[in-house]
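The values are calculated or read from the model by the stated rules, or taken from the named source; none is laboratory data. Note that the structure is a prediction, hence the values are computed from the model and not measured. Methodologically, a virtual Cβ is constructed for each residue, glycine included, from the backbone with ideal geometry; neighbour enumeration extends over all protein chains shown. We work out accessible area using only protein heavy atoms, side chains counted, and drop any ligands, DNA or RNA first. Shrake-Rupley method; radii C 1.70, N 1.55, O 1.52, S 1.80 Å.
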Amino acid sequence: MKRTRAESMEENRTRLIAAARKAFADKGYAAASMDALTAEAGLTRGALYHNFGDKRGLFAAVVDQIDTEMAGRAKACGVAAGEGWDALLAEGAAYIEMALDPEVQRIVLLDGPAVLGDPSSWPSQNSCLQVTREAVEDLMSDGILKPVDAEAAARLISGAALNAAMWIAASAEPESVLPRAQEAFRALVEGLLARPVGG
């Protein structure tokens, strides 16, 4: 059966993102060759420019894909931990732990901000922020968190997790930084509790 133009374009996008993801993880953004990458995907540079505009546009699509996967993994950890407060803490801790993944380290946490700028302006981070804000609002309405501005609280929680992950990614000893980062993250977020833990 003949594929439609839209199906063909979507397949090309998928192939380019897969090849780029491997190239950016292996070589980093700066050293990744667009000619090698398009050859790996079996496509031309024209296909890259048509679908993504330029190398930066392709990189943004790769970051968006990985960041969205990270959010899904964090959410699954939250669900496994229970609901409400436990889920919020587990999601943050899981996001921070993903900084040990070499692909996440290089593409999202190291090259991402250098190439794409402030992560809080990335579409994937904005959707994560919205989910965190909704969780914060629910916890406030249940009296679990102090009645502070929900957007401010969500931005600070998300920012703390992201900065902890970036610290781990940039560290020479990420495994030793992880528990320190997670412990401090938990202590910071517990400051929003209306009552002390166990109180």
Determine which member of the set VAL131, VAL197, VAL136 is hydrophobic (A, V, I, L, M, F, W, C) and at pLDDT 95 or above. VAL136
Looking at the structure I just gave you, is VAL148 under 15 Å from ASP67 (Cα atoms) and either among the hydrophobic types (A, V, I, L, M, F, W, C) or outside any helix (DSSP H, G or I) (or both)? no
Inspect all residues belonging to region 145-162 and state whether any of them is in contact with an Asp or Glu (Cβ under 6 Å, 6 or more places away or on another chain), among the small types (Gly, Ala, Ser) and over 19 Å from GLY78 (Cα atoms). yes
Odd one out for LEU48, checked against (1) in contact with a Ser or Thr (Cβ under 6 Å, 6 or more places away or on another chain); (2) not in a helix (DSSP H, G or I): (2)
Region 135-161 residues that are more than 25 Å from PRO113 (Cβ to Cβ) and touching a residue at least 40 places away in the same chain (Cβ under 8 Å), paired with ones that are β-branched (Val, Ile, Thr) and surrounded by fewer than 18 Cβ atoms within 10 Å (Cβ to Cβ) (beta carbon under 9 Å, 6 or more apart): ASP138/ILE144
Matching option when the condition is open to solvent by 40 Å² or more (accessible area, probe 1.4 Å), among the hydrophobic types (A, V, I, L, M, F, W, C) and farther than 21 Å from LEU109 by Cβ, among ALA47, ALA31, ALA36: ALA36
Test: residue in region 158-179 that is touching a Gly at 6+ places or on another chain (Cβ under 8 Å), among the hydrophobic types (A, V, I, L, M, F, W, C) and open to solvent by 40 Å² or more (accessible area, probe 1.4 Å): no
Got a number for residues in region 116-141 being more than 15 Å from the chain's Cα centre (by Cα) and either within 19 Å of GLU91 (Cα to Cα) or open to solvent by less than 60 Å² (accessible area, probe 1.4 Å) (or both)? 8
Criterion violated by LEU110 - all others in (1) free of Cβ contacts under 8 Å to residues at least 60 places away in the same chain; (2) open to solvent by 60 Å² or more (accessible area, probe 1.4 Å) satisfied: (1)
